[in-house]
C-alpha cells in the first residue's frame with residue numbers, strides 16, 4: 001500500500017514497528033518535493049504530509065513517533081478526505097487515551113495533548129500562564145508564545161496543581177472562554193466548521209468503543 005499511495009516503500013526492519021510507520025521516515029523521504037513533480041507525485045507527497053499530521057498531531061500514540069498505516073487507505077482518494085470527521089476522531093481518540101491514563105500502572109498517554117492543555121488553560125485560568133498580547137488564531141497558538149508569564153501559577157508542580165483544583169470554586173471554571181472572541185473570528189472558521197464537524201461519514205473511528213474506568217489512581 002505504501003508503494004502505491006506514497007510511491008516509496010519503507011524498510012520493515014528499520015522503519016516499521018508492526019503496522020506502525022515511523023514519522024522520521026516520512027520526514028526523511030517527503031520533506032522536499034522533487035523538481036517539476038508530476039500530479040501523481042504531488043498526491044503522494046500530500047498523503048505523506050496528512051499522514052504525518054495524523055500521527056504527530058491529531059491522533060498520536062504514546063510514543064508520538066509512529067503512525068498506524070490503517071489511516072493511509074483513507075487517503076487513497078484525496079477528494080474525499082474532507083468528508084471524514086477528523087475533529088470527532090481526534091476527540092474520540094483523546095477520550096480513549098484519557099480513560100487509559102486512569103489506570104494505576106499508566107506512565108504516559110497519547111492523544112492530542114495540545115488540545116487538552118489548551119482546553120484546560122482557557123477554562124481553568126487559575127492554572128494558566130498569563131498572556132498580555134493580542135488574541136491569536138488558532139486559539140491554542142496562544143500557549144506557544146514566548147511572552148507567557150508563569151508568575152503565581154503552578155508550573156511542573158503536581159502538588160500545586162492538585163491544591164488549586166481541590167480549592168477551586170464553581171465560579172472559577174469558565175464555561176464560555178471564547179465568548180469575547182467570537183465576533184472577531186476569521187470567516188474561514190465558519191467554513192471549516194463544516195469540514196471538522198462533517199457527518200457524512202462515521203464520526204468515531206471503528207477501533208474506538210466507549211470505555212469507562214471503574215477506579216482511578218489514588219491521589
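Residue count for the stretch 1-25 under the criterion of being assigned to a helix (DSSP H, G or I), under 15 Å from residue 75 (Cα atoms) and within 26 Å of the chain's Cα centre (by Cα): the result is 2.
Scanning the stretch 8-28 for residues that are surrounded by fewer than 17 Cβ atoms within 10 Å (Cβ to Cβ) and free of Cβ contacts under 8 Å to residues at least 40 places away in the same chain yields 8, 9, 11, 12, 13, 14, 16, 18, 27, 28. Tallying residues that are over 13 Å from the mean Cα position of the chain (by Cα) and either in a loop (DSSP other than H, G, I, E, B) or outside the structural domain of residue 17 (by TED's automatic domain parsing) (or both) within the stretch 53-70 yields 2. Summed over the stretch 162-179, the residues that are more than 16 Å from residue 119 (Cβ to Cβ) and surrounded by fewer than 11 Cβ atoms within 10 Å (Cβ to Cβ) give a count of 5. A search for C-beta distances below 7 Å between a residue of the stretch 163-184 that is farther than 23 Å from residue 136 by Cβ and assigned by TED's automatic domain parsing to the domain that holds residue 137 and any residue that is modelled with pLDDT under 90 and assigned to a loop (DSSP other than H, G, I, E, B), counting only pairs 6+ apart in sequence or on different chains, returns 164/154.
Inside the stretch 120-142, residues that are in contact with a helix residue (DSSP H, G or I) (Cβ under 9 Å, 6 or more places away or on another chain), assigned to a helix (DSSP H, G or I) and at pLDDT 85 or above make up a count of 6.
Are any of the residues in the stretch 32-52 in contact with a strand residue (DSSP E or B) (Cβ under 8 Å, 6 or more places away or on another chain), closer than 22 Å to residue 140 by Cα and part of a helix (DSSP H, G or I)?
Yes - at least one qualifying residue is present in the stretch 32-52.
The values are calculated or read from the model by the stated rules, or taken from the named source; none is laboratory data. Keep in mind that this is a model prediction, so the values were computed, not measured. Don't worry about glycine lacking a Cβ; one is built from the backbone with ideal geometry, like all the others, and counts go over all protein chains shown.
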